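Below is one structure, written out as structure tokens; the observations come after it.
The values are calculated or read from the model by the stated rules, or taken from the named source; none is laboratory data. Keep in mind that what you see is a predicted model, and the values were worked out from it rather than measured. Here the Cβ positions follow ideal geometry from the backbone for every residue, glycine too, while neighbour counts run over all protein chains shown.
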């Protein structure tokens with residue numbers, strides 16, 4: 001029995017390779033996407049960075065850069081720090097020879113951005129004096145790059161700008177590097193006390209660097225430090241390669257990003273890939289129904305048929321999957337490189353490529369092809385040979401009961417989630433809507449024959465009133481609903497996913513731009529590439545003709561959402577403003593709905609209405625949040641406003657944020673002219689502070705997180721939409737090539753070659769219209785609750801972008817049918 005099944009499979013693949021070409025291509029594409037996502041997921045799980053400048057520090061004490069509990073933790077928006085008192089505790093630990101605080105913060109030297117540290121950490125980071133002496137109060141040590149930028153040497157004077165303003169220092173020395181890894185840019189060192197003061201957070205340090213006594217190993221000292229510091233929450237003791245995580249606080253966010261792309265998007269991509277591959281494999285088996293029926297007629301048993309189908313999958317899927325992993329590795333390298341170029345992944349993190357995601361991708365394709373083939377062959381292998389021959393001659397419209405029930409359940413589930421998403425807001429609506437689009441897509445796939453027959457009837461109405469090719473196309477699509485369904489489903493996938501991912505961003509971007517344009521009422525926006533010091537606001541306010549000047553410090557905070565086991569921390573944009581009340585109202589119109597900005601001051605906050613609704617606070621309540629460095633706070637809500645998407649979700653006094661940020665330089669200074677002032681003269685007077693622009697200068701400010709999200713959505717849309725589009729073209733080519741006998745018969749009964757091609761084009765047009773319409777409907781059903789929850793309005797679909805999607809689908813459908821049809825007719829002729 002076994003040789004017969006295996007022989008049939010080998011003969012089918014060898015002598016009729018065209019029947020397997022579509023499945024082969026689909027499996028290659030599926031393996032490429034799945035393996036790329038798996039590689040990124042594995043990279044996120046394994047991500048690490050070298051110790052760098054901590055290479056000369058055997059033991060490093062640093063805080064956990066994630067805040068919250070173990071079940072609901074998030075990377076802090078800024079760097080989490082330690083209390084400065086822990087330096088003395090570490091130094092007193094048995095086995096510790098010395099301990100020093102480490103601080104890293106930015107300063108400006110003219111227009112150049114410099115990295116600053118305290119001199120106490122220099123011996124622990126491989127830095128030594130090349131000339132001169134260690135700094136004392138009022139002095140600074142420069143590295144050679146900083147000395148060249150400042151055009152100064154030992155004994156010279158330099159002016160450095162910290163977040164609080166300009167400071168003049170004498171250069172006491174120039175460094176050389178004895179080991180470790182130097183900072184990538186110009187670097188300066190202050191005394192430890194001056195560094196803490198200039199950093200803006202004098203009571204905290206970034207890390208504590210510890211050197212063991214002779215005879216004490218780093219591991220033994222780390223164990224003792226762990227016991228000595230166990231009372232300090234969130235403290236981690238690092239040795240070896242673990243020191244890299246202490247040096248690079250952005251590693252936690254990068255790991256989350258890679259795991260999110262590889263896991264969440266990878267899961268969706270895997271479902272789409274398997275779903276589409278299964279459809280192609282089922283189509284390939286279904287097109288050989290006549291062969292299966294003939295095998296049954298000559299005595300083949302159902303078991304032999306199933307074994308033959310399974311062997312075909314084993315012959316085709318592993319090879320296709322193995323080939324697909326090669327472009328998958330290339331895709332992962334490109335994807336990873338783009339993320340690193342955009343600053344989302346720290347330098348030093350390397351892409352991890354192992355056999356695990358590659359084998360998983362091949363296995364997923366194999367399982368999909370195997371089960372799809374067995375499911376498609378189940379009925380022709382079970383029924384009587386005569387009945388099988390009859391069904392092979394004329395396609396029956398007989399969807400399975402289980403398939404119909406599951407499809408109906410998915411459709412009902414999608415409808416229920418639509419109602420839930422419509423009544424939710426913010427992230428809740430987005431999370432529900434993502435499940436909704438998957439359920440609708442599953443319903444389309446399972447109920448494909450019903451959907452196809454409905455589309456054939458509706459779209460076919462105008463065709464039936466046309467000429468012979470149009471009438472014949474309408475009749476063909478009505479009778480061959482299963483074949484039509486196999487072509488429509490990938491197009492629906494492509495249109496639904498591409499539209500959802502792309503138009504979600506365009507809708508949010510459109511709403512953000514509208515709110516920002518209405519919210520910035522200042523006449524001038526002052527900015528600088530490396531930020532503005534706090535005293536820039538006072539200097540702007542002293543300019544003649546200025547009625548109000550407000551400094552804006554932009555950052556992010558974490559706000560608890562939910563309750564109990566379902567609680568999590570949501571990242572929200574925040575701004576710290578130097579002035580409140582009338583001054584703030586003169587430059588920003590936040591659209592205050594309740595409360596007043598006059599009361600904004602120490603211990604208070606103003607909150608966007610969507611955030612207030614999501615967390616259940618009103619004016620007078622306390623808003624629990626985590627400041628940029630993870631510090632818990634609970635300011636009193638004094639106002640609720642409506643333009644948080646365009647400006648900031650949470651508004652706090654500048655002083656409440658500055659001491660919890662690594663870089664406390666203001667993003668902008670917003671200036672309002674006095675009545676009757678000459679705008680050009682005011683702008684010229686503000687010029688020495690930085691770049692001066694109109695209100696649009698604030699709207700044009702670069703939002704790295706928004707840009708990264710937009711790029712990620714575009715990549716996901718291209719990956720999923722492109723894969724589904726190629727699968728749709730692949731399916732259309734397979735269906736046309738399978739119709740050689742039908743098209744040849746039309747020629748024999750008198751149809752001209754042009755009439756046959758017109759019929760095929762009308763069928764392709766029907767398929768494209770149905771696929772685009774259904775995909776658009778699913779996208780809108782998903783986008784409406786998502787955008788309503790995120791922006792408070794409906795989705796925004798740029799006409800040209802949507803026309804591009806629809807036009808691409810149309811061109812793809814026409815090409816994928818016209819070219820193989822011409823080839824078939826040419827051979828037949």
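Residues checked against (1) in the same structural domain as residue 63 (by TED's automatic domain parsing); (2) out of contact with any strand residue (DSSP E or B) (no Cβ under 6 Å at 6 or more places or on another chain); (3) in a helix (DSSP H, G or I):
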position	(1), (2), (3)
570	no, no, no
576	no, no, no
583	no, no, yes
594	no, no, no
598	no, yes, yes
606	no, no, no
613	no, yes, yes
619	no, no, no
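What number goes with the only condition from (1) crowded, with 22+ Cβ neighbours inside 10 Å; (2) under 20 Å from residue 709 (Cβ atoms) that residue 549 does not pass?
(2)
Say whether the condition of being over 27 Å from the mean Cα position of the chain (by Cα) and under 23 Å from residue 30 (Cα atoms) is met by at least one residue in region 333-347. Show your work before the answer.
Step one: of region 333-347, the residues over 27 Å from the mean Cα position of the chain (by Cα) are none.
For region 333-347, residues over 27 Å from the mean Cα position of the chain (by Cα) and under 23 Å from residue 30 (Cα atoms): absent.
Has region 221-240 got at least one residue that is closer than 15 Å to residue 46 by Cα and within 36 Å of the chain's Cα centre (by Cα)?
Here is the first cut: in region 221-240, the ones closer than 15 Å to residue 46 by Cα are none.
No; the residues of region 221-240 include none that is closer than 15 Å to residue 46 by Cα and within 36 Å of the chain's Cα centre (by Cα).
Taking the criterion of being over 32 Å from the mean Cα position of the chain (by Cα), surrounded by fewer than 18 Cβ atoms within 10 Å (Cβ to Cβ) and outside any loop (DSSP other than H, G, I, E, B), would at least one residue in region 629-648 satisfy it?
Yes, region 629-648 contains at least one residue that is over 32 Å from the mean Cα position of the chain (by Cα), surrounded by fewer than 18 Cβ atoms within 10 Å (Cβ to Cβ) and outside any loop (DSSP other than H, G, I, E, B).
Residues of region 691-701 being within 19 Å of residue 588 (Cβ to Cβ) and either touching a residue at least 60 places away in the same chain (Cβ under 8 Å) or not in a loop (DSSP other than H, G, I, E, B) (or both), which ones? Talk me through it step by step, then tell me what you get.
Of all residues in region 691-701, those within 19 Å of residue 588 (Cβ to Cβ) come to 692-701.
Matches in region 691-701: 692, 693, 694, 695, 696, 697, 698, 699, 701.
Looking at the structure I just gave you, is residue 540 at pLDDT 85 or above and part of a strand (DSSP E or B)? Give the steps one after another, and end with the answer.
Details: at pLDDT 85 or above: yes; part of a strand (DSSP E or B): no.
In short, no.
Going residue by residue through region 641-652, is there one that turns out to be in contact with a helix residue (DSSP H, G or I) (Cβ under 9 Å, 6 or more places away or on another chain) and within 23 Å of residue 541 (Cα to Cα)? Walk me through it before giving the result.
As a first pass, look at region 641-652 and keep what is in contact with a helix residue (DSSP H, G or I) (Cβ under 9 Å, 6 or more places away or on another chain): 641-647, 649-651.
Right, trim to within 23 Å of residue 541 (Cα to Cα) and you get 647, 651.
Yes, some residue in region 641-652 is in contact with a helix residue (DSSP H, G or I) (Cβ under 9 Å, 6 or more places away or on another chain) and within 23 Å of residue 541 (Cα to Cα).
For region 139-158, how many residues meet the condition of being without any contact (Cβ under 8 Å) to a residue 40 or more places away in the chain and either within 30 Å of residue 655 (Cβ to Cβ) or not in a strand (DSSP E or B) (or both)? Before the answer, list the steps.
Step one: list which residues in region 139-158 are without any contact (Cβ under 8 Å) to a residue 40 or more places away in the chain, which gives 144, 147-148, 151-157.
Checking which are either within 30 Å of residue 655 (Cβ to Cβ) or not in a strand (DSSP E or B) (or both) leaves us with 144, 147-148, 151-156.
Residues in region 139-158 being without any contact (Cβ under 8 Å) to a residue 40 or more places away in the chain and either within 30 Å of residue 655 (Cβ to Cβ) or not in a strand (DSSP E or B) (or both): 9 in total.
Using the structure shown, decide if residue 666 is closer than 22 Å to residue 538 by Cα and either touching a helix residue (DSSP H, G or I) at 6+ places or on another chain (Cβ under 7 Å) or not assigned by TED's automatic domain parsing to the domain that holds residue 606 (or both). I'd like the intermediate steps shown before the answer.
Details: closer than 22 Å to residue 538 by Cα: yes; either touching a helix residue (DSSP H, G or I) at 6+ places or on another chain (Cβ under 7 Å) or not assigned by TED's automatic domain parsing to the domain that holds residue 606 (or both): yes.
Yes, satisfied.
Exactly one condition in (1) at pLDDT 90 or above; (2) surrounded by 18 or more Cβ atoms within 10 Å (Cβ to Cβ) is false for residue 98; which is it?
So residue 98 meets the others, but not (2).
For region 754-783, give me the residue count where each residue is farther than 16 Å from residue 807 by Cβ, modelled with pLDDT of 85 or more and surrounded by fewer than 19 Cβ atoms within 10 Å (Cβ to Cβ).
2
If you take the residues in region 660-678 that are within 30 Å of the chain's Cα centre (by Cα) and part of a loop (DSSP other than H, G, I, E, B), which one is nearest to residue 510 (Cα to Cα)? Outline the logic, then answer.
Taking region 660-678 and keeping what is within 30 Å of the chain's Cα centre (by Cα), we get 660-668.
Retained after the next criterion (residues that are part of a loop (DSSP other than H, G, I, E, B)): 660-665, 667.
Details: 660: 32, 661: 30, 662: 31, 663: 30, 664: 29, 665: 28, 667: 22 Å.
Only one residue tops the list, namely 667.
Among the candidates 511, 498, 470, which residue alone is at pLDDT 80 or above and surrounded by fewer than 24 Cβ atoms within 10 Å (Cβ to Cβ)?
Numbers: 498 fails: surrounded by fewer than 24 Cβ atoms within 10 Å (Cβ to Cβ); 470 fails: at pLDDT 80 or above.
When all the criteria are applied, what remains is 511.
Is it true that some residue in region 483-491 is in a helix (DSSP H, G or I), surrounded by 21 or more Cβ atoms within 10 Å (Cβ to Cβ) and modelled with pLDDT of 80 or more? Give the steps one after another, and end with the answer.
Residues of region 483-491 that are in a helix (DSSP H, G or I), as a first pass: 483-491.
Restricting the remaining residues to those that are surrounded by 21 or more Cβ atoms within 10 Å (Cβ to Cβ) gives 483-491.
Of the ones still in play, those that are also modelled with pLDDT of 80 or more are 491.
Scanning region 483-491, I find at least one residue that is in a helix (DSSP H, G or I), surrounded by 21 or more Cβ atoms within 10 Å (Cβ to Cβ) and modelled with pLDDT of 80 or more, so the answer is yes.
Residue-by-condition table, conditions (1) under 20 Å from residue 348 (Cβ atoms); (2) buried (at least 23 other Cβ atoms within 10 Å of the Cβ); (3) touching a strand residue (DSSP E or B) at 6+ places or on another chain (Cβ under 7 Å):
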{"residue": "48", "(1), (2), (3)": "yes, no, no"}
{"residue": "65", "(1), (2), (3)": "yes, yes, yes"}
{"residue": "68", "(1), (2), (3)": "no, no, yes"}
{"residue": "74", "(1), (2), (3)": "no, no, yes"}
{"residue": "77", "(1), (2), (3)": "no, yes, yes"}
{"residue": "81", "(1), (2), (3)": "no, yes, yes"}
{"residue": "84", "(1), (2), (3)": "no, no, yes"}
{"residue": "91", "(1), (2), (3)": "no, no, yes"}
{"residue": "94", "(1), (2), (3)": "no, no, no"}
